[in-house]
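Chemist: One structure is given below, represented as structure tokens, and several questions about it will come after.
Values quoted throughout were computed directly from the atomic coordinates according to the rules given, and no laboratory measurement underlies them. Keep in mind the model is a prediction, meaning the values are calculated, not measured. As a convention, Cβ positions derive from the backbone with ideal geometry for all residues, glycine included, and neighbour counts pool all protein chains shown.
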Amino acid sequence: MSQDRPGALPAWTLAGPVAATLVLMAAAGGIAGAWMTGLTAAALIVAVLAAVHHAEVVAHRVGEPFGTLILALAVTVIEVSLIVSVMLSGGAGADALARDTVFAAIMIVCNGVVGLCLLVGALRHHVLVFQVDGTVPALSVLAALGTLTLVLPDFTTTTRGPTFSTAQLAFAGIASLLLYGAFVFVQTVRHRDYFLPIDTDSEKAHAAPPTTKATAASAALLMVCLALVVGLAKMLSPAIKAVVTAAAAPPAVVGVAIAFLVLLPETMAATRAAARNRMQTSFNLALGSALATIGLTIPVVAAASVALGLPLTLGLSGKDTVLFAITMLASALTLGSGRATVLQGAVHLVLFAAFLFLAVVP
């Protein structure tokens, strides 16, 4: 993150939460109409952008790799609130929303964000370097989590269809949480140096960290923004489903829309880091958000499903399983060498385009 004045916060990050609060109060008060839906959507986007901005301020203060972890956790809170809100509203596709959103997040991160960062970075710096000791372990955890929670339900026999039984769901949730916790321990304690950016000339030119006062203000505003996102998401979820239904789009498009919404600000942060030749920071942001999406979202959604009696479909279709497999293979080849060029970026962006096309035209 860069700031010209480390002690000051942009005016929109202060005014945005105030405006979003007023919109939430109006929506909760019963004001309805198409214009109100549009205003609520705009307020939600502002709240998301403000939340991730304030998380980025705190992240810049605490440094790597804690900073990227804070960003990932903030994005995951937003994502979980959106998923649970839509699940509670019921309707067609609600039982598969968690699967669709988590899978979309993996595709967006591993192909869209990684591909864009590689393209932007390679166009400016030609050959990009990063730490294999940090990227490969993160990818191995992501592959294990994705297979356990999204692929395995298609092959279990206790229940019919791509679902887990209650015991299997509890195991998957606990295993996901433990595996993510192990990754965070390695990233922040045991092998923190594996996730630090490689020194480059541009590395020395990044902006000074924000002041203690600005960091404290951002931490407080981050909590406010996350609460606003939860409330606004609950108000907007019926409209999102209505738009998808009216457009005759597959229900999975709702999950793609949610993943796009919550990952857009983090994509911007990762791309800025890539432009400054800080590829390790870019990959920490991208892979960290994907890991948090599965490692934290699945346990929370599983607990909500059991506690509230909500149906939950996790298994991917055959088409999506193939996309997941080729994405993991391409990611392993890209991240396993420690060096990348524009070619790897093109490969991931083509896979991302295939995912988007097949989501709309399955």
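Chemist: Fewest to most neighbouring Cβ within 10 Å: what's the order for VAL113, VAL48?
Modeler: Ascending number of Cβ neighbours within 10 Å: VAL48, VAL113.
Chemist: Which of LEU314, LEU22 comes first, and how do the rest follow, when ranked by fewest Cβ neighbours within 10 Å?
Modeler: The most exposed by this proxy come first: LEU22, LEU314.
Chemist: For the stretch 114-154, treating each Cα as an identical point scatterer without solvent, what Debye log10 I(q)/I(0) comes out at q = 0.22, 0.25, 0.29 1/Å?
Modeler: Per q value, in the given order, log10 I(q)/I(0) is -0.77, -0.84, -0.92.
Chemist: Provide the three semi-axes, in whole Å and in decreasing order, of the ellipsoid equivalent to the stretch 11-360 as defined by the square roots of 5 times the Cα gyration tensor eigenvalues.
Modeler: Over the Cα atoms of the stretch 11-360, the ellipsoid semi-axes are 30, 26, 19 Å.
Chemist: Counting Lys and Arg as +1 and Asp and Glu as -1, each charge on the Cβ, what is the dipole of the stretch 11-360 about the Cα centre in debye, to the nearest 20?
Modeler: On the way: 15 positive and 13 negative charges, 46 e Å.
That gives a dipole near 220 debye.
Chemist: Order these by the 10 Å Cβ neighbour count, fewest first: MET36, MET223, MET107, MET235.
Modeler: Taking fewest neighbouring Cβ atoms as first place, the list is MET223, MET36, MET235, MET107.
Chemist: Which number comes out as Rg/Rh for the stretch 131-188 once both Rg and the Kirkwood Rh are worked out on C-alpha atoms? Intermediate results must be reported in sequence, preceding the final value.
Modeler: Values: Rg = 13.5 Å, Rh = 12.4 Å.
Across the stretch 131-188, the Cα-based Rg/Rh ratio is 1.08.
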